[in-house]
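Structure record follows, encoded as structure tokens.
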Amino acid sequence: MTAVRKVWLLTLGAFTLGLDAYVMAGLLPAIAHDIGTRVSLAGQLVTAFTLAYALAAPLVAGLLSGVRPRALILAALAVFTLGNAVTALAPSLPALLAARVIAGAGAGVYSALSTAAAAALAPEGRRGRALALVMGGMSAGTVLGVPIGVLLAEHTGWRATLWLVTALGALALAGLATLLPPVPPAPAVPLRARLAAVTDRAVAPVVGVSFLAAVASLGLYTYLAPVLAAAGGVGEVTPYLWAWGVGGVLGSVLAGPLVDRTGRVRALVGAVLAVIVAAQALLPALAGAALPGAAAALVAWGAAGWALQVPQQHRLLERSAQRGTVALALNNSALYLGSAVGSALGGLALAAGLAPYALPWAAAGVAALGLVLHTATGRRSRLAAGVSTLGSYEHS
């Protein structure tokens, strides 16, 4: 089996993760009505999933580094599938929250390990494409699965959508158990080295940018339905979920070849952050004036949001080669911790009376902070490199 096909196997699980992580945004009104709660409280189901995802990824990937990745990948996908089955059966908000924690923990571990496995299985010079394939699997789960899941929920109920996610998870698990070859294990990382990754000057700024981008992008996506309803009177959100997802597929697929061909990873990160800021800031005005304009903004936002993580992951693997798995797990945790924080803050803001159409402006401000952090750390790196070069010249 070729290396490309090996990586494609990992995208099966990533597709299901993408569907599960993002379909909840379209199901929140139905879930809130069914269990008798408010949308802002139902939104905490996203927070529970993403927070568990964030905490599980570095813990398991770090503590079990050196263990056979294939077995861990399969176990994580099994936990994720079980969590979705429990979600489909849960009768109340507390039970739903517990089920989302289970699913999120499995998803977090699978995402971190499958990303590292894709990089390990890829031949030299094609790492960017391998990472893009896995990210593309998640974005394809969004663009193809989320609208289908929302339509299914509208006709048969939201629980049917969760059973669909469960079935896809079981199918991906069976395929990987049968066809996934042994994955080279990452070297065991001592506890001190795992903790050092949090404060590593080469890792922390990159992870910080991922966190802020996730607060802005994934947090806002959770409340896309009420935002569009308030800004433009949109009653049917499915076409706009399609627009965001189509952008996500385009961005995640195109980012890998750009990284491999140009090597300008830092410039690419800055460009996509700028697109996120602009698209989110313009979304309320475009939704109120022209709905096709809102769809265009969503395509741009989805493309930039999904494209960002390919160069981010590439930077971490270059900067922290000795503990690459831990660095990737930390970055994945930052993504979903940011999503949890964004979802929680968005729900609190709506509960406190903030108009939903104002949420994109707040999200754009957070994304702008990420761009400032990225620019500032880039300047420091260049200054440090200049000082080092000058010192070498003076001693020569």
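Observations
- Here's how it looks for residue 308: its modeled amide H is under 5 Å from none belonging to a residue 5 or more places away or on a different chain.
- Accessible area of residue 11 in the full protein assembly, 1.4 Å probe (Å², nearest 10): 10
- Under 13 Å, Cβ to Cβ, from residue 86 - net charge with Lys/Arg +1 and Asp/Glu -1: +1
- Ordering 334, 295, 278 by Cα displacement along the dipole of region 248-359 toward the positive end leaves 334 in first place; charges were set at the Cβ atoms of Lys, Arg (+1) and Asp, Glu (-1).
The values are calculated or read from the model by the stated rules, or taken from the named source; none is laboratory data. Computed from a predicted model, the values in this text were never measured in an experiment. Quick reminder, even Gly has a Cβ in these numbers, built from the backbone with ideal geometry, and neighbours come from all protein chains shown. For accessibility, only protein heavy atoms count, side chains too; no ligands or nucleic acids. Shrake-Rupley method; radii C 1.70, N 1.55, O 1.52, S 1.80 Å.
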